[in-house]
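These notes concern the structure reproduced below.
The values are calculated or read from the model by the stated rules, or taken from the named source; none is laboratory data. Values in this document were obtained by computation on a predicted structure and should not be read as measured data. Positions of Cβ are backbone-derived with ideal geometry, glycine not excepted, and every protein chain shown enters the neighbour counts.
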Amino acid sequence: MTTQKAYLDYSSRGIISVRLTGIWTIAAGISGIDEITAQIIRSKDVKQLIFDTRQMGDWDSGLVAFLFHLIRECEHGNIPVDLQGLPLGVQKLLSRALKSSEKFPVNQADKEQFFVRVADVVLKFIGNVLSLLNFLGEITVSCLRLIRGKVYFRWDEFMVILQRCGADALFLVSLISVLVGVILAFVGATQLKLFGAQIYIANIVGIGMVRVMGAMMASILMAGRTGASFAAELGLMQTNEEIDALKTLGVSPVEFLVVPRILALVIMMPLLTLYADLMGILGGFIISISLLGLNPVEYWQHTQSSVTLSNLWVGLIHSFVFGIIIAIAGCFQGMRCRRSAAAVGEATTAAVVSAIMSIVIATAIITFVCHVLGV
């Protein structure tokens, strides 16, 4: 047999038979796709398209590409296609190609009406809220079981999570906190030097770091580091069906996976906040002494007088709330992750964004409450 040929045989019943002859391989050259497709579309009263491959020789993916294009054009023209006359291997490849193309509709959003898209967004938001409330309910029940000593998880893994949330993050927390202390010192010096009151830089740095900035900067860092890690881990476990395996064995994924992560962040965030406060004050102290010419003893005395226990407790409350927010955001996005590589990346991004947004909102709420209570 020579190169490929395609003939159209018409019947009185409105059935068109595509008779394929010759060798249908890429090396032999495949052409005439558009001409055959145009002839079929121009035909009137076509009830069905069938194939005759009894005179066809070798074939490869070139034939599959030709048939895929032909079938898609027939679908646009509402012409039914029967694949029974094709070789079995071609039928299998075409079935998979057609199914995979259906998963990625082209410009589907453009065809939808505006109110349909708005309704989809609203329903998706309501579904996310209900899923979050259900997740929070499961966490609450698991925490109550933890208090009663009925929660099962591996303590050696819990210690590893503690190390990742604490000791492994010390370098980044140190760097960010020192730089924040330096920034606060320079910002304060810019205005205070106009009045000759540079010594009050100690008050600005001390109160700013202990009350809000230490907890907030540490939490944002942990949201991008640990929260994203939680979402990626649980998302990958969801993709590999490991969470389904836990459910099959009768083990609650929330108790086994989520509770130890929340517990680790709740324990480590206040400690990291205290460390961040210390490093921030140290950064402001070094800059104030070396570049701004302040007396170290006087700077230290002003820091002691300004940083009260009430300010310290406000900062620790911030850190406690932030730890819960970061852990829940990361675990929630990981547990609801779909089973694909792209979905794991989306869950990680969503975990970081939602955690940072929640941290900023929680900071505003706590600050307002403290102002009302006069703390």
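Looking at Ala167 and the list (1) under 22 Å from Phe320 (Cα atoms); (2) of a type outside the set (Phe, Trp, Tyr); (3) touching a helix residue (DSSP H, G or I) at 6+ places or on another chain (Cβ under 8 Å), which single condition is not satisfied?
So the condition that Ala167 fails would be (3).
Exactly one condition in (1) closer than 21 Å to Ala223 by Cα; (2) out of contact with any Lys or Arg (no Cβ under 8 Å at 6 or more places or on another chain); (3) modelled with pLDDT of 90 or more is not met by Cys331; state its number.
All conditions pass for Cys331, except number (2).
Rundown of residues vs (1) farther than 18 Å from Gly14 by Cα; (2) without any contact (Cβ under 8 Å) to a residue 40 or more places away in the chain; (3) assigned by TED's automatic domain parsing to the domain that holds Ile26; (4) not polar (S, T, N, Q), yes/no style:
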{"position": "Arg42", "(1), (2), (3), (4)": "no, yes, yes, yes"}
{"position": "Gln48", "(1), (2), (3), (4)": "no, yes, yes, no"}
{"position": "Thr53", "(1), (2), (3), (4)": "yes, yes, yes, no"}
{"position": "Trp59", "(1), (2), (3), (4)": "yes, yes, yes, yes"}
{"position": "His69", "(1), (2), (3), (4)": "yes, yes, yes, yes"}
{"position": "Arg72", "(1), (2), (3), (4)": "yes, yes, yes, yes"}
{"position": "Gly77", "(1), (2), (3), (4)": "no, yes, yes, yes"}
{"position": "Leu88", "(1), (2), (3), (4)": "yes, yes, yes, yes"}
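Test Ala245 against the stated conditions and say whether it is closer than 18 Å to Ile287 by Cα and of a type in the set (A, V, I, L, M).
no
Give me the helices (runs of 4 or more DSSP H) completely within the range 174-273, filtered to those with at least 1 residues that are over 24 Å from Trp313 (Cα atoms), among the basic types (Lys, Arg) and in the same structural domain as Thr348 (by TED's automatic domain parsing), ordered by residue number.
Those helices (runs of 4 or more DSSP H) span 242-248.
Run Ile287 past the list (1) crowded, with 20+ Cβ neighbours inside 10 Å; (2) at pLDDT 90 or above; (3) among the β-branched types (Val, Ile, Thr) and report the number of the one that doesn't hold.
The number of the failed condition is (2).
Listed here are the residues, each with its yes/no results for (1) of a type outside the set (Gly, Ala, Ser); (2) over 45 Å from the mean Cα position of the chain (by Cα); (3) at pLDDT below 75; (4) exposed (fewer than 11 other Cβ atoms within 10 Å of the Cβ).
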{"position": "Leu8", "(1), (2), (3), (4)": "yes, yes, no, no"}
{"position": "Ser12", "(1), (2), (3), (4)": "no, yes, yes, yes"}
{"position": "Ile15", "(1), (2), (3), (4)": "yes, yes, no, no"}
{"position": "Leu20", "(1), (2), (3), (4)": "yes, yes, no, no"}
{"position": "Ala27", "(1), (2), (3), (4)": "no, no, yes, yes"}
{"position": "Gly32", "(1), (2), (3), (4)": "no, yes, yes, no"}
{"position": "Thr37", "(1), (2), (3), (4)": "yes, no, yes, no"}
{"position": "Arg42", "(1), (2), (3), (4)": "yes, yes, yes, yes"}
{"position": "Val46", "(1), (2), (3), (4)": "yes, yes, yes, no"}
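Among the residues of the range 86-125 satisfying the criterion of being at pLDDT 80 or above and either in contact with a His (Cβ under 9 Å, 6 or more places away or on another chain) or not in a helix (DSSP H, G or I) (or both), which is surrounded by the most Cβ atoms within 10 Å (Cβ to Cβ)?
Looking at residues that are at pLDDT 80 or above and either in contact with a His (Cβ under 9 Å, 6 or more places away or on another chain) or not in a helix (DSSP H, G or I) (or both), I get Leu86.
What number goes with the only condition from (1) at pLDDT 90 or above; (2) within 30 Å of Met268 (Cβ to Cβ) that Leu130 does not pass?
For Leu130, the exception is condition (2).
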